[in-house]
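Following: one structure in structure tokens, then a few remarks.
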Amino acid sequence: MRVVITGLAFRTPLGCTIEEAMANIESGTRRIARVENIDLVTEGFNGAGEVRHRGKVIKSDHTIDRKIQFFEESLKELESSTSLHSRYSPNDIVLNIGSGIDYIDIEAIFKERESVFKEKRGEKVFFKSFEQISNIALKSPILGGINLFTAACVASTQAIGSSYRMIKEGYRKAAITGGSDSMVNHINYRGFQDLGAMTPPSNPPFACRPFDKERNGTALGEGALLMLLEESSQANPNSILGEIAGYGTTMDSYAITDPDPSAIPLSKAIKKALAEAQITPQKIDAVHLHGTGTAKNAPAEYRALQIVFGERVSTLPVFALKGQIGHLIGSCGAVEMLAVIHSLQNQVTLPTVNFTTPDPEAPLFVVREKPLR
Amino acid sequence: MRKIYKKYLAQDEIPIYNYIKKRKLVKYFTRDVMAAMVCVGELSNHCPFTEETPFFFSRGESEYPLLFEQSSPFLESVEEGYTFKQFFNRATSLVSPLIHFKTMRNMGHCFISIEYGFKGDNASLTGSLSGLLTSALLSNCEPQTPILIVASKLNLDSSAEGGAAIVTKRELEGHPLLNSNSEAIQFFNQ
């Protein structure tokens with residue numbers, strides 16, 4: 001049984017339509033800029049990849065949980081563009097979505113601290129992700145399960161992988177999957193800075209430098225991407241954008257934030273996915289990596305590829321999107337599927353922006369300047 | 001199927017140190033993660049885990065933000081000429097950096113994995129019971145392979161619940177709760 005992607009809807013820093021987003025991916029447009037939607041009131045780095053439409057940041061009020069806004073808009077768009085509900089009953093459709101930390105409206109606490117906070121103890125200012133997503137999905141209606149994946153940076157990848165398994169095993173006929181997240185709010189942005197993973201103050205468009213020797217931290221981004229997965233025999237052949245052929249997931253069990261430098265568990269995840277897809281490493285033409293721009297990420301990813309691909313690692317082209325849009329945390333795997341689809345459709349590996357100086361500790365073949373065909 | 005469930009009231013001491021070797025991690029734990037860790041610890045006495053044991057965790061939605069607990073002494077204050085910037089900086093300086101680890105949804109999953117060295121198939125979820133059971137049911141292991149499923153929940157009254165079970169795919173096939181949109185802890189406390 002083959003599992004295919006037959007629809008996309010998204011809200012990303014690269015745009016909200018397929019034409020706009022693909023053009024920006026291809027041209028290497030940098031969308032990390034000084035945050036516009038809120039005043040971060042921070043002395044540190046103040047950039048992020050905010051969701052834009054035709055180049056302009058989509059603004060929203062502080063009473064809105066942006067990740068829920070992006071999710072809801074994407075869901076409506078996906079449902080209408082795929083005629084999903086006319087082809088499947090609500091019980092046949094499952095929602096598997098990756099997301100992140102709950103949103104706290106601290107501006108409301110400040111403005112209404114005498115009334116709202118004292119009386120309600122956070123009830124009006126604390127937005128529960130699962131509850132909000134469930135309410136939207138049930139109205140849709142999606143009745144085949146509503147599942148929120150929250151494994152931080154791999155949340156949306158686990159959501160997509162789990163959807164793949166559900167369709168492949170015949171457990172559900174259709175899966176709406178992907179991710180939606182926004183850490184570009186006061187509490188979560190400051191929290192991420194406190195964790196020490198954020199780049200220090202610098203020029204935002206050049207702040208996140210995946211694989212570069214001078215990389216010194218990541219920048220946050222926000223956005224949502226939802227896709228429809230179906231079994232291939234049920235899909236309109238003209239709507240097929242790609243196929244998910246295998247999925248593997250492992251855990252490092254090493255440290256709270258650092259990757260296991262041996263990269264053995266990471267390499268096992270790649271091997272599991274390849275084995276399930278019945279593809280040998282020799283058949284792989286390019287790899288899209290996580291590429292956060294943090295010090296420890298690049299050597300771990302290099303080591304994993306070295307274990308899987310052996311000597312080919314030095315000639316195997318790799319790509320990372322985060323230099324353009326930042327780290328979308330709970331939705332990064334989903335939104336970065338846009339670049340994967342671009343590579344597959346155009347048979348190119350794109351240049352990774354902000355990569356200028358190779359790192360001897362992670363000597364990956366990072367494409368520069370122009371696409372590699 | 002072997003199932004363990006624990007509930008601790010706000011005033012109860014959770015015997016976490018009886019169930020953890022990596023004691024330095026405890027400072028990052030919320031009470032629901034402690035409850036889950038105790039359940040997994042008790043379960044491990046009966047079911048030896050391996051590195052490859054598939055492990056799925058679904059954490060309940062928190063009923064109150066920990067942030068408010070630490071910063072509440074000043075949050076209600078009203079001062080003349082008080083700006084949002086002053087307010088925000090004072091609020092965040094009151095909050096321990098540890099709180100960020102406590103609010104991250106997958107931390108319970110991470111801590112239990114680190115404690116037991118789990119490196120196999122996995123997923124970390126929030127809320128959903130159907131997601132927890134379906135993830136286990138569709139795990140890429142043999143039908144009789146023991147799978148660890150865990151849930152936790154921090155309640156509005158500060159009570160904490162934890163549950164852990166060893167199941168097999170065969171036991172989960174056709175389970176009546178596979179389609180449940182309830183919170184995952186209900187699999188353990190019913």
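Dividing the mean sequence gap of close Cα pairs (under 8 Å, 6+ apart) by how many residues chain B holds gives a relative contact order of 37 percent. Counting only DSSP beta bridges with both residues in chain A, the antiparallel share comes to about 65 percent.
For chain B, the residue among B:143, B:98, B:117 whose Cα projects farthest onto the positive side of the dipole built from Cβ charges is B:117.
In a reduced charge model with +1 at each Lys and Arg Cβ and -1 at each Asp and Glu Cβ, segment A:185-340 shows a dipole moment near 360 debye about its Cα centre. Scanning chain A for DSSP H helices at least 15 Å long along the axis (C-alpha atoms) with a Kyte-Doolittle mean no lower than -1.0 picks out A:66-82, A:129-139, A:155-168, A:264-277, A:297-309.
Largest GNM mean-square fluctuation among A:292, A:12, A:249, using chain A with Cα springs under 10 Å: A:249.
Remark: C-alpha extents of segment B:96-177 on the principal axes read 44, 29, 15 Å, sorted largest to smallest.
Work from the charge dipole of segment A:1-93 (Cβ charges, +1 for Lys and Arg, -1 for Asp and Glu, about the Cα centre) and give the residue of A:5, A:84, A:27 farthest towards its positive end. Looking along the dipole axis, the top candidate is A:27. Highest mobility in the GNM of chain B, judged by mean-square fluctuation with C-alpha springs under 10 Å and restricted to B:79, B:13, B:42, is found for B:79. The GluC sites (Glu not before Pro) found in segment B:113-190 that occupy coil by DSSP, while having at most 12 further C-beta atoms within 10 Å, are B:173. Across B:86, B:144, B:11, mean-square fluctuation computed from a Gaussian network of chain B (C-alpha pairs under 10 Å connected) peaks at B:86.
Given +1 at the Cβ of Lys and Arg, -1 at the Cβ of Asp and Glu and no other charges, the dipole of the protein assembly as shown around its Cα centre is 740 debye to the nearest 20. Per the accessible-area calculation with a 1.4 Å probe, the total area buried between chain A and chain B rounds to 5100 Å². With the helix formula -39500 (n - 2.57) applied to DSSP H stretches of n ≥ 4, chain B reaches a computed 222 nm mean residue ellipticity of -10500 deg cm²/dmol. Summarised as an ellipsoid, segment A:160-291 has semi-axes of 32, 21, 15 Å, derived from the eigenvalues of the Cα gyration tensor scaled by 5 and square-rooted, with the largest first. When you count the other C-beta atoms within 10 angstrom of each residue and take the mean per peptide, A:367-373, B:163-169 line up highest first as B:163-169, A:367-373.
Would you list the membrane-span-like helices of chain B, meaning whole DSSP H runs whose alpha-carbon atoms span at least 20 Å along their axis and whose mean Kyte-Doolittle value is at least -1.0? Long hydrophobic helices here: B:31-46. Considering only the Cα atoms of the protein assembly as shown, their convex hull presents on average a projected area of 24.1 nm².
Highest mean packing first, where packing is the average number of other Cβ atoms within 10 Å per residue, the peptides A:170-181, A:345-356 line up as A:170-181, A:345-356. Note on segment B:97-166: with charges restricted to the Cβ of Lys and Arg (+1) and Asp and Glu (-1), its dipole about the Cα centre is near 180 debye.
The distance between label points at residue A:27 and residue A:264 comes to 4.8 nm (points 7 Å beyond Cα on the Cα→Cβ vector).
When only Cα pairs below 8 angstrom with a gap of at least 6 residues are kept, chain A shows a relative contact order of 24 percent.
The values are calculated or read from the model by the stated rules, or taken from the named source; none is laboratory data. The shown structure was predicted, so the numbers you read here are calculated from the model rather than taken from an experiment. Cβ atoms come from the backbone with ideal geometry, glycine included; neighbour counts cover every protein chain shown. What goes into the accessible areas is simple: the full protein's heavy atoms, side chains included, and nothing from ligands, DNA or RNA. Shrake-Rupley method; radii C 1.70, N 1.55, O 1.52, S 1.80 Å.
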